[in-house]
Amino acid sequence: MNTQTLLLIISAAIMSLALVLFQYYYKSKKRGKLGILLSFLRFFTWFGAFLLLVNPKFPSYEYTLEKANLLLLSDNSSSMSAYRSDVENALNKLISSDGLSSKFELKSYNFSSSLNASDSLSLSGKSTDIARALATLKDVHSKENTAVIMLTDGNQTFGNDYVFGAGSSKLAVYPVAIGDTTRYEDIRVDQVNANKYAFLKNKYPVEIFISYEGSGAVSEIVSITVNETRVFRENIRLSSSDNSKVINTLLDAGSVGIKYMKVAVSNLEGERNIKNNQKNLTVEVIDEKTNVAIVSDILHPDIGALKKAIESNEQRSVSIKKPNDKDLDDVDLFILYQPTASFISIYEYIKLKNANTFSVIGSNTDLRFLNGIQKRFRVEDGYPLQEVVPVKNDGFTKFDISENSFEDYPPLETDVGPIGISGDNETLLQMKIKGVTMKSPLLSALTDENGKNIILFGENIWKWRAQAYRNDQSFQNFDEFIGKLMVYLSDNKSKERLTLDFKSIYEGSNNARVGATYFDEAFTFDSNANLVLQLKNNDTGISREIPMLLKNGFYEADLSDQTAGQYQFTVSVKSKNRSKSGSFRIMDFDVEQQLLSTDYKKLQQLADRSKGELFYSSGIDALIDRLSGDERFVPVQSSEEKVVSLIDFRILLGIIATTLGLEWLIRKYNGLT
């Protein structure tokens, strides 16, 4: 209570006493015990009323004992299924321990690809992300007084290295190594690299990485089969000192279609884990390739950026040509980079062939020549070079750009003035100059009877590709955007209203999905359509119907519950006469079964970096004793101060009512007014 409140209470007492003296003793001749009693009651009445006006506040304290957190984290992936009894016995011992429950607040979690707040284990997770589970626990339980007991085999199949982030976490992790810590002799196919596409009557490369763990020397056979026909065989020798081998070979693309490839290494004698002795992949052989020519009479970094972006898809090849080159018969579409008067023969050839074009207009472009050689658009010249920032047009409909963002892309340079475009056109990107969005397009798509054309009114697009890498550590976002432009220009057919998106092969069903996009008659995405996938397993003959769910701009059917096998499917639009079919294969692949030995060395590193300690499934009692006696995790007493107002106490109002009532009764009993 502060000094001001104390002075107010004293003042209230003085005023109450003064009022009593005035009412009972001023000009009053009656003195005696009755007067003293009545004045005493009146004093408490006045004093209680003044206290209600002063409303003094009193602090009160509540003390609680806060236990340290002990988080029981169990690996719920399928690699732990063979050790279910070890996990359940360890959990039962930990949960039923009186020493732990009296010292800690126990909370149970399990994880595979993500963290779940539960002690119920299915041991069926298809991947293990230990780093994500620990990071999530760190965010949820941020206080220092927290320990984690993690029951796992230490084999992570997805995500960041869990040892790396352990040092920065405040969680003390006590790993319990579950499973077999013995290292067995093992040979495996680590990785297979091959192009997704190959071209008919060409050779395509295959790169195979083989690894061996063991103390002896082995000689085994590596083979490649394509559609059940063996096309490659090689004998390799490995030892404890020379324990890896890289095999490179070229295979023939003899026929068009999807080729199912299996790369396998023969089993060691008595090898325990043979599931990692083979890998499956597909190669699609196609009989056509889009040839793109970049025509330019200057050197510029944009040309290299465009070439790399376009050729990131193996179905496209890029050649760089001068305007006077004559060898153009194999070119499917042209990129006209900053055309000048020397391009006149190219424009005549394009007009004769009705080829599609992508034109880039920059500071070296001859705008007068450009305005005269074609009638699709006109650009006013004579303007200074200035920077323009891209602004995406979310209403663009010619192809999907919803996943492409240009917000942090650097500005391009242009010296064009107002732009007039005739015919069917849509603006993909608008210009923003000095913070003002202009009506002139920066990137526009044009269509007329002679074909399709895309115009970029700015140069230095290479900066966009560099920014894409800076954002994502990958050129993929920019390359896919340029790829969409190429697909649009390469497709001279009418736009299909129903399109499918799926893979030819899925390694396990975990990521098996089929996507679809459906447009109405105006070629606008129809979010109210009813799409259904009819799925048939060719191996079992079982068919089922799966509704496709609307996601962000497309429809999708989740097939993660399907078994391994060959499937055919048809996507149809109900109440519409439209459907499309396809096929894919789900391989019998479980990454969790590739590693059978417990990685106790990494678990030891995790324990050391997090200031915990490694235990084994046979040492649960020792773990309980260690945590029960660890002084780092003692309960902490905390206090909470609550300020209570006196007006909240009903007893004061009761006292006032009682003193007034008693005074009234006494006065009436004694005949006083």
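The values are calculated or read from the model by the stated rules, or taken from the named source; none is laboratory data. All values reported here derive from a predicted model rather than from experimental measurement. Here the Cβ is made from the backbone with ideal geometry for all residues, glycine too, and neighbour counts use every protein chain on show.
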message: Checking the structure you have, find out if any residue of the stretch 276-287 is touching a strand residue (DSSP E or B) at 6+ places or on another chain (Cβ under 6 Å), in a strand (DSSP E or B) and either aromatic (Phe, Trp, Tyr) or exposed (fewer than 13 other Cβ atoms within 10 Å of the Cβ) (or both).
response: no
- prompt: Within the stretch 524-552, can you find the residues that are assigned to a loop (DSSP other than H, G, I, E, B), under 27 Å from the mean Cα position of the chain (by Cα), touching a residue at least 12 places away in the same chain (Cβ under 8 Å) and surrounded by 12 or more Cβ atoms within 10 Å (Cβ to Cβ)?
  reply: Met548
field: Criterion: at pLDDT 90 or above and on the phi > 0 side of the Ramachandran plot - qualifying residue of Asn354, Asn460
entry: Asn460
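What do you reckon, is Asp129 buried (at least 16 other Cβ atoms within 10 Å of the Cβ), closer than 20 Å to Asp599 by Cβ and over 31 Å from the mean Cα position of the chain (by Cα)? It would help to see each step written out before you state the result.
Working: buried (at least 16 other Cβ atoms within 10 Å of the Cβ): yes; closer than 20 Å to Asp599 by Cβ: yes; over 31 Å from the mean Cα position of the chain (by Cα): no.
Against the criterion (buried (at least 16 other Cβ atoms within 10 Å of the Cβ), closer than 20 Å to Asp599 by Cβ and over 31 Å from the mean Cα position of the chain (by Cα)), Asp129 does not qualify.
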- prompt: Does Ile346 count as part of a helix (DSSP H, G or I) and either crowded, with 22+ Cβ neighbours inside 10 Å or in contact with a helix residue (DSSP H, G or I) (Cβ under 6 Å, 6 or more places away or on another chain) (or both)?
  reply: yes
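May I ask you to list the residues in the stretch 511-523 that are surrounded by 12 or more Cβ atoms within 10 Å (Cβ to Cβ) and outside any strand (DSSP E or B)?
Just the residues of the stretch 511-523 that are surrounded by 12 or more Cβ atoms within 10 Å (Cβ to Cβ), to begin with: 511-520, 523.
Within the stretch 511-523, Asn511, Ala512, Asp520, Phe523 meet the criteria.
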field: Checklist (1) over 23 Å from Ala264 (Cα atoms); (2) at pLDDT 85 or above; (3) of a type outside the set (Gly, Ala, Ser) applied to Asn202, failing item
entry: (2)
- request: May I ask you to list the residues in the stretch 603-631 that are under 21 Å from Ser169 (Cα atoms) and not in a helix (DSSP H, G or I)?
  value: Ser610, Lys611, Gly612, Glu613, Leu614, Phe615, Asp630
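Would it be correct to say that Thr659 is more than 30 Å from Lys33 (Cα to Cα), of a type in the set (S, T, N, Q) and crowded, with 18+ Cβ neighbours inside 10 Å? Step through it out loud before you land on a result.
Details: more than 30 Å from Lys33 (Cα to Cα): no; of a type in the set (S, T, N, Q): yes; crowded, with 18+ Cβ neighbours inside 10 Å: yes.
No; evaluated as a whole, the condition is false for this residue.
Mind checking whether some residue in the stretch 585-597 is farther than 30 Å from Val163 by Cα, part of a loop (DSSP other than H, G, I, E, B) and either without any contact (Cβ under 8 Å) to a residue 60 or more places away in the chain or not hydrophobic (A, V, I, L, M, F, W, C) (or both)?
Looking only at the stretch 585-597, we keep the residues that are farther than 30 Å from Val163 by Cα, and these are 585-588.
Within this subset, residues satisfying the condition of being part of a loop (DSSP other than H, G, I, E, B) are 588.
Filter once more, so that each one left must be either without any contact (Cβ under 8 Å) to a residue 60 or more places away in the chain or not hydrophobic (A, V, I, L, M, F, W, C) (or both): 588.
Within the stretch 585-597, one or more residues are farther than 30 Å from Val163 by Cα, part of a loop (DSSP other than H, G, I, E, B) and either without any contact (Cβ under 8 Å) to a residue 60 or more places away in the chain or not hydrophobic (A, V, I, L, M, F, W, C) (or both).
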- request: Go over the candidates Val163, Val87 one by one and state the one that is modelled with pLDDT of 90 or more, among the β-branched types (Val, Ile, Thr) and surrounded by 14 or more Cβ atoms within 10 Å (Cβ to Cβ).
  value: Val87
Residues located in the stretch 463-480, provided they are among the hydrophobic types (A, V, I, L, M, F, W, C) and either modelled with pLDDT of 95 or more or crowded, with 20+ Cβ neighbours inside 10 Å (or both): Trp464, Ala468, Phe478
field: Elements of type helices (runs of 4 or more DSSP H) in the stretch 37-140, at least 1 residues being farther than 23 Å from Asp161 by Cα
entry: 84-96, 98-103
